[in-house]
Amino acid sequence: MSVLLILVPLAAVLIMNLPLHKLMRKLAFWVGLVLCMLQAVLIIRMPIGFWNTQPDLLYRLLLFRPFTDNLAFVMFLSIAIVGFVSLLVARYAIENDGSKLFNFTNLLLLAMAGMNGLVVSRDLFSLYVFLEVSAVASFILIAFNNGKDALEGTFKYLVLSAVATAMILSAIGLLMTVTGSVSFKTLSSVMGPNSGNPVVLLAVALLLGGLFIKSGLVPFHGWVPDAYSSAPSATSILLAGIVTKTTGVYALIRVVTKMNLLTHQVQVLVMAVAAVSIVVGALAALGQSDFKRMLAYSSISQVGYIILGLGIGSNLALAGAVFHLFNHAIFKSLLFVNAAAVEKQTGTRNMDILGGISDKMPVTGFTSVIAFLSTAGIPPLSGFWSKLIIIIAAWKAGFHVYALIAILASLLTLAYFLSMQRRVFFGKLASGFEDLKEANLWILVPACLLAAITIGLGLCIPWLLNSFLLPIRSIL
Amino acid sequence: MSGDMSTFFSISVIFAVLMVFTALYCILTSRNLIRILIGLELMTKAVTLLLAVGGYVSGRMALAQSFIITLIVIEVVIIAVAAGIVIGTYRHTNDLDARKLNSLKG
């Protein structure tokens, strides 16, 4: 029934836009919230068999048979949580302007439908179609307020994204000439015997390059800081939390594991790109003075960890990569929620002007400490465990240099987040913020929710590891 | 692949690669935002040609046709959104110069 996760948001968008009643526009926000919650609850409550069955009628109508496994569950859950948080923040940041909130909800549901579709697709072409659906929705969401910077950020993202999809499509064309099919199942059996074929090699290189651009890895990271920092706060949460993760990182994991691409050359390439991203992202984050821009560079560095886990390729490493993907969606969203609160209450994102606002905004200050400790990998928070799993896997597989790079870059992460905390939240209150107030409940509730997930996951790790994380590879 | 098919395949692929390089040249060197969009469209055309070749060589033309039609529809949406972005930029700067898109740095 996972096809419903695509159809229901689409149907909701269609119905809400029918010119029926003025009440529709008011209700849209609540409909969006309910759909996100419903997705999260159903994913947790329903067994895997429920999601993999599909009525014959639906199949004959759509000619599309989705496919669900544990990894897809992780993605569905993070899409639901981040979408929920992003909607609440939109309610807070977009001043109770009915029509803007209505448009935001519509675009968010479209992006969700696209991402859910990407998660369940079982061939390269539907992967491309859903990738474009969520990409178009996110372009409009970035340029939502029509600001000059936002339009510039969107244009850069759009051009790079179009180049990336052109690369993915040419890979599809080339693979079709060799195999005559684009489904993962056929491709996985054909890739092995053809691995020396130059056409196949070119296709694999194009496919990986396109997905690297989409995930914002160094050296294809140019659009990431521009798009994240210029977008409205609610969009930054959605974009950093889940859109880049699904369209780039998840697609990369899916393609590499499903098509058995992890030959020696691909492994070297993927791990080198990952290590460069980890280090360059962390170093660039050190020098930023814009709050959201720093978080964007930190995002590049963390995505590097996930890709490193993918490159190692052992069961343990993949489990760590998927766990870090989920954790990163949670704590990076939390940091962007904090950035939204700070930006709205103080009117600036410049960390040189801010200072000591933790006294005035205690909840925001506290949750941001939780999030940064988790990102930097301090036990017992969830980020520590996922990084630990990836590093142990790297060491066990014999990649000692990469394990060392990952550990040292973790120190860099701690350094730039400590500098951020000191400049924004700790210390003496900067002049001009004497009558600063804490943000309202629309933003404190999601912040506390995300912080609770980060702490809870960190404490439940022994149970999670055996029951959920380690079996991931066997189902992939 | 038979001899005829192989020649056809190489000629089409060479042509597609030439088109991609033309498109990349157009995107990288032009300063007009509209020209960048034209470059993107040209690149998509090259990719469409590759898909058609893929379908023809492997004998699955019907599959390739449905792919190409879907691709054309999606490209129209992308270009419409991109044109909207360009219009928005023009309203702010009264100019279509790509060199003026330089406020985000670092």
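Charge dipole of segment B:3-95 (Cα centre as origin; +1 on each Lys and Arg Cβ, -1 on each Asp and Glu Cβ, all else neutral): 140 debye, rounded to the nearest 20. Remark: relative contact order (chain A) = 15 percent; criterion is Cα-Cα distance under 8 angstrom and separation of 6 or more residues.
When Rg and the Kirkwood radius Rh are both evaluated on Cα atoms of segment A:107-175, their ratio Rg/Rh stands at 1.04.
Summary: within chain A, the longest segment free of GluC sites (Glu not before Pro) located in DSSP loops with at most 12 other C-beta atoms within 10 Å is A:96-433. Per residue, chain A exposes 35 Å² of solvent-accessible protein surface, assessed with a 1.4 angstrom probe and all protein chains in place. Here chain A exposes an accessible surface that is 69 percent carbon and sulfur, computed with a 1.4 Å probe and the other protein chains kept in place.
Using C-alpha pairs below 8 Å separated by at least 6 residues, the relative contact order for chain B is 28 percent. In terms of overall dimensions, segment A:133-254 has a Cα radius of gyration and Dmax of 16.3, 52 angstrom.
Distance between the modelled labels on residue B:38 and residue B:61, one decimal in nanometres: 3.3 nm (7 Å Cα→Cβ projection). Atom-type composition of the exposed protein surface of segment B:3-95 places 70 percent of the accessible area on carbon and sulfur (1.4 angstrom probe).
Global dimensions of segment B:3-95 from alpha-carbon coordinates: Rg and Dmax equal 16.3, 57 Å.
For the chain pair A and B, buried accessible area totals roughly 3300 Å², probe 1.4 Å, rounded to the nearest 100. With K and R counted +1 and D and E -1, the other residues having a Cβ less than 14 Å from that of residue A:182 yield a net charge of +4. May I ask you to derive the FRET efficiency for residue B:70 and residue A:77 from their Cβ-Cβ distance with R0 = 25 Å, giving the value to the nearest 0.05? Between residue B:70 and residue A:77 the formula returns 0.30. Extent of chain A along its three principal axes (Cα atoms, max minus min coordinate, largest first): 69, 61, 44 Å. Burial of accessible area (probe 1.4 Å, heavy atoms of protein chains only) in segment A:152-193, relative to its chain alone, reaches at least 50 Å² for A:152, A:155, A:158, A:169, A:176, A:177, A:180. Each of B:25, B:14, B:71 was scored by the projection of its Cα onto the charge dipole of segment B:3-95, and the greatest displacement toward the positive side belongs to B:25; charges sit on the C-beta of Lys, Arg, Asp and Glu. Qualifying chymotrypsin sites (Phe, Trp or Tyr not before Pro) in segment A:214-255, where qualification requires a DSSP coil assignment and no more than 13 other C-beta atoms within 10 Å, are lacking entirely. Per-residue ellipticity at 222 nm computed for chain B from its helices equals -29000 deg cm²/dmol, with DSSP H segments shorter than 4 residues left out and the rest contributing -39,500 (n - 2.57). Phi-derived couplings, Karplus 6.51 cos²θ - 1.76 cosθ + 1.60 at θ = phi - 60°, listed residue by residue for segment B:89-102: 4, 4, 5, 7, 10, 6, 7, 10, 6, 5, 5, 7, 7, 9 Hz, with x used for Gly and Pro. In segment A:263-476, a dipole from Cβ-located charges (positive for Lys and Arg, negative for Asp and Glu) runs towards its positive end, and of A:334, A:448, A:462 it is A:462 whose Cα lies farthest in that direction.
Dipole size of segment A:263-476 about its Cα centre, with +1 on Lys/Arg Cβ and -1 on Asp/Glu Cβ: approximately 240 debye, rounded to the nearest 20. Measuring nothing but how far apart in sequence close Cα pairs (under 8 Å, 6+ apart) lie, relative to its length, segment A:263-476 scores a relative contact order of 28 percent.
The values are calculated or read from the model by the stated rules, or taken from the named source; none is laboratory data. The structure presented is a predicted model; accordingly, all values stated were derived computationally and were not measured. Heads up, the Cβs are rebuilt from the backbone with ideal geometry, glycines too, and the neighbour counts pull from every protein chain shown. Heavy atoms of the whole protein, side chains included, go into the accessibility calculation; ligands, DNA and RNA do not. Shrake-Rupley method; radii C 1.70, N 1.55, O 1.52, S 1.80 Å.
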